[in-house]
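Presented below is the structure to which this report refers.
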Amino acid sequence: MMTKRNVRVLIISSIVILLPIIYGMMNYAQLPADMVTHWGVNNQPNGWMPKAWAVYGLPFLMLALQWFIVIILRISAKKTGGAPRLERLVQWLIPVLTVVLYITTIRANLGFGVDIRRIAVGLVGAIFVLMGNYLPTVPANGKTWGYHPTTNLKPELQARVNRRMGQAMVISGLLCLLSLFFSEIVSWLAVAIAIVSVIGVSIYGLRLSRR
């Protein structure tokens, strides 16, 4: 069941997600009929979308994703006892990402110089550092909170997996942030390391759960 706090967060975060539409509406006439909505690793456009879908559709898509995440968090919290600090962080990821990426997309399509690589990798690095910092606070009660595929782990083993996952995410997130001062290939290598490290710890946790 949704608490008053969860309902309040859902309402406020929904407003934050939809608010950038005002910026899109203010610049609607100057935007191209087909807007770039995706870029490659070399900052070159490789994905387009009709203007109306990009300006109005994307925020509502993110809104639906936000509602889905908040509801899943509530179901998970009821089942496992929850991880309040990490949940608060996750509840605000979609709103923040929507605002940053929406405004970046609009500005890029208006012809402003936008370094997509630095923005994207910077966001990945910041998210990894923040989530890695909070993962060790997840209660080690032998139940799965939902971020790794371990089930029925003893509390001490789950705490170990939480710590290792947190360490892997903080280190790889810092690598992503540091890579912003170097060439594109360094950034995407850092992102690859981040993905591999998370998968590696997840496999480690899965093997522990099968012992």
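The values are calculated or read from the model by the stated rules, or taken from the named source; none is laboratory data. Given the structure is predicted, the values throughout are model-derived calculations rather than measurements. Neighbour counts are summed over all protein chains in view; Cβ atoms, including those assigned to glycine, are modelled from backbone coordinates with ideal geometry. These area figures cover heavy atoms from the full protein model, side chains too; ligands, DNA and RNA do not enter into them. Shrake-Rupley method; radii C 1.70, N 1.55, O 1.52, S 1.80 Å.
Here's the yes/no breakdown for (1) closer than 23 Å to Val70 by Cβ; (2) of a type outside the set (A, V, I, L, M); (3) at pLDDT below 75:
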{"residue": "Ala126", "(1), (2), (3)": "yes, no, no"}
{"residue": "Leu130", "(1), (2), (3)": "yes, no, no"}
{"residue": "Leu135", "(1), (2), (3)": "yes, no, no"}
{"residue": "Gly142", "(1), (2), (3)": "no, yes, yes"}
{"residue": "Gly146", "(1), (2), (3)": "yes, yes, yes"}
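Of the residues in region 67-81, none is farther than 20 Å from Leu19 by Cβ, charged (D, E, K, R) and not in a helix (DSSP H, G or I). Whether a residue is open to solvent by less than 30 Å² (accessible area, probe 1.4 Å), in a helix (DSSP H, G or I), within 14 Å of Gly132 (Cβ to Cβ) and of a type in the set (Gly, Ala, Ser) was assessed, and Gly205 does not pass this test. Considering region 172-181 alone, what residues qualify as being open to solvent by 80 Å² or more (accessible area, probe 1.4 Å) and either more than 17 Å from the chain's Cα centre (by Cα) or at pLDDT below 90 (or both)? Scanning region 172-181 gives Leu178, Phe181. Would you be able to say whether some residue in region 182-195 is open to solvent by 30 Å² or more (accessible area, probe 1.4 Å), modelled with pLDDT of 90 or more and within 24 Å of Ile72 (Cβ to Cβ)? Yes; the residues of region 182-195 include at least one that is open to solvent by 30 Å² or more (accessible area, probe 1.4 Å), modelled with pLDDT of 90 or more and within 24 Å of Ile72 (Cβ to Cβ). Do we have Ala168 as assigned to a helix (DSSP H, G or I), over 30 Å from Phe60 (Cα atoms) and at pLDDT 90 or above here? Yes, satisfied.
Of all residues in region 107-129, those satisfying the criterion of being open to solvent by 30 Å² or more (accessible area, probe 1.4 Å) and basic (Lys, Arg) are Arg107, Arg118.
Residues in region 9-54 that are in contact (Cβ under 8 Å) with a residue 40 or more places away in the chain and assigned to a strand (DSSP E or B): Met35, Val36, Thr37, Trp39. Inside region 19-48, residues that are open to solvent by 50 Å² or more (accessible area, probe 1.4 Å), modelled with pLDDT of 90 or more and among the hydrophobic types (A, V, I, L, M, F, W, C) make up a count of 7. Has region 97-106 got any residue that is open to solvent by 40 Å² or more (accessible area, probe 1.4 Å) and not aliphatic (A, V, I, L, M)? Within region 97-106, none of the residues are open to solvent by 40 Å² or more (accessible area, probe 1.4 Å) and not aliphatic (A, V, I, L, M). Residue count for region 49-91 satisfying the condition of being under 23 Å from Ile116 (Cα atoms), hydroxyl-bearing (Ser, Thr, Tyr) and either touching a Cys at 6+ places or on another chain (Cβ under 7 Å) or open to solvent by less than 40 Å² (accessible area, probe 1.4 Å) (or both): 0.
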